[in-house]
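A short worksheet on the structure shown next.
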Amino acid sequence: MPTRRTSRLMTLAAVAAAAALSLAGCSGSGTSTSTPAASAASAISADRCATNKAAGKITYVTGFQYQASASILDILAAKQLGYFDALCLDVEIQPGSGDTAGNAQLVAAGTATVTDLGGDSDLLLAQANGVDVTAIATYGQVPIVTLMTGTEVTDLKQLDGTTLGQKGQIPPEIEAMLVKNGVDMSSIDSVTVGYDPTILPRGQVKSLTGYKSNEPLTLKAAGDAITEWNPEDYGIPGTFGTVIANPAFATANRTATEDFLRAAFHAYTYCESNAEECVGYAAELAGGGASYDVDHNVQVWQTETGLVKDSQPDGTPLGSLNPDLMAKEIAFLIDSKQLTTAPDVSAFVDPSYVSAIYSGTDLIWPAP
């Protein structure tokens, strides 16, 4: 992942120096000189600006509302900071409900252009179900999902015959972990629940799927003792923040697709050093008010960026798709009978969009 850090003072100082160049590129894109991205609009070529504008509206559906997750917050911030405008992109953001399988169907149908999935496993299962999308980036290269229980559970086999709460489906990494530990999945009463994790300490479910950056933080802050069962501790590989695009759009609008990622990753770097500010943008988009927990979402962002950093293979940039890791995910999905055969991933995984926007591990900003 990129190691550059862009300070607000340095970027704002660059605005004045770049003002004389502002007519050379996308000065008509509506970029405000009050944002850290303002000076960048002057450096994009007129031809690239026109090509990006011709792509039309890019509709991005978030994985879940305006949560400050990697692959969500950085895109929200790119919009608010003017980074998309700087690259002449017309990006509309729509909050998702958390139904990432449904989001993938929207992208396949062309109703949405881009969305983020829970991870590569969700992509693989979507493809197996005939949902035609193209993976263009992945943020974290470790499972983000976890299974929570009370501390009285000391062996996953104890979950036989109990109720498991999930958000629409059991995450594939969690199911693989349970199968590997001998749990009788046919005996599990799998129920769809909401995003209130207190149903676990209240005893309404015996186990609860969630995200390392979300529900465990809430429960621990409330003083509830839980045990987290993590797939990677049992040799189950995983990823999170897999970005998918409509294949027809990505193919027909290559520079716009590249520059969508470019703006998002540029914002990611900015938000690493300015978490509170970027979470504030998400809070504004969510309508503000007490219902948006800013402090919790700062924790979400910091937890997930930490996971991204710790799992990023040396010498690879943020967003890199990892074919070796995906092969391992395919193997565990087959072993756990969630896939029947290994797919040809070259048909729906395209790493070239990420490679086009980096020089080594340094993001090229702005566009060439």
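The values are calculated or read from the model by the stated rules, or taken from the named source; none is laboratory data. The shown structure was predicted, so the numbers you read here are calculated from the model rather than taken from an experiment. When we count neighbours, we look across all protein chains shown, and the Cβ atoms used for this are built from the backbone with ideal geometry, even at glycine.
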Exercise. Which condition number in (1) surrounded by fewer than 22 Cβ atoms within 10 Å (Cβ to Cβ); (2) at pLDDT 95 or above; (3) not basic (K, R) is the one that A137 fails?
Worked result: (1)
Exercise. Just to be sure, is V279 part of a loop (DSSP other than H, G, I, E, B), touching a residue at least 12 places away in the same chain (Cβ under 8 Å) and either over 14 Å from Y139 (Cβ atoms) or in contact with a helix residue (DSSP H, G or I) (Cβ under 6 Å, 6 or more places away or on another chain) (or both)?
Worked result: no
Exercise. From the list L325, L339, L318, which residue is of a type in the set (A, V, I, L, M, F, W, C), outside any loop (DSSP other than H, G, I, E, B) and assigned by TED's automatic domain parsing to the domain that holds V243?
Worked result: L325
Exercise. Does segment 242-251 contain at least one residue that is touching a helix residue (DSSP H, G or I) at 6+ places or on another chain (Cβ under 6 Å), part of a loop (DSSP other than H, G, I, E, B) and at pLDDT below 95?
Worked result: no
Problem set entry | Number of positions in segment 98-111 that are modelled with pLDDT of 95 or more and surrounded by fewer than 24 Cβ atoms within 10 Å (Cβ to Cβ) | 6
Exercise. Identify, please: which residue in segment 179-218 is of a type in the set (S, T, Y) and buried (at least 20 other Cβ atoms within 10 Å of the Cβ) and is, among those, farthest from Q67 (Cα to Cα)?
Worked result: S207
Exercise. In a loop (DSSP other than H, G, I, E, B) and over 23 Å from F240 (Cα atoms), is that true of G194?
Worked result: no
Exercise. Do you know which of the residues in segment 282-310 that are free of Cβ contacts under 8 Å to residues at least 12 places away in the same chain and assigned to a loop (DSSP other than H, G, I, E, B) is surrounded by the most Cβ atoms within 10 Å (Cβ to Cβ)?
Worked result: D293
Seminar exercise, completed: Condition set in a helix (DSSP H, G or I) and more than 20 Å from the chain's Cα centre (by Cα), scope segment 204-241, selection farthest from Q299 (Cα to Cα): answer is Y234
Seminar exercise, completed: Only one of A137, A126 is in the same structural domain as A248 (by TED's automatic domain parsing), touching a residue at least 24 places away in the same chain (Cβ under 8 Å) and in a helix (DSSP H, G or I), namely A126
Exercise. Which of (1) without any contact (Cβ under 8 Å) to a residue 60 or more places away in the chain; (2) out of contact with any Leu (no Cβ under 6 Å at 6 or more places or on another chain); (3) not assigned by TED's automatic domain parsing to the domain that holds K220 does K157 not meet, given it meets every other one?
Worked result: (3)
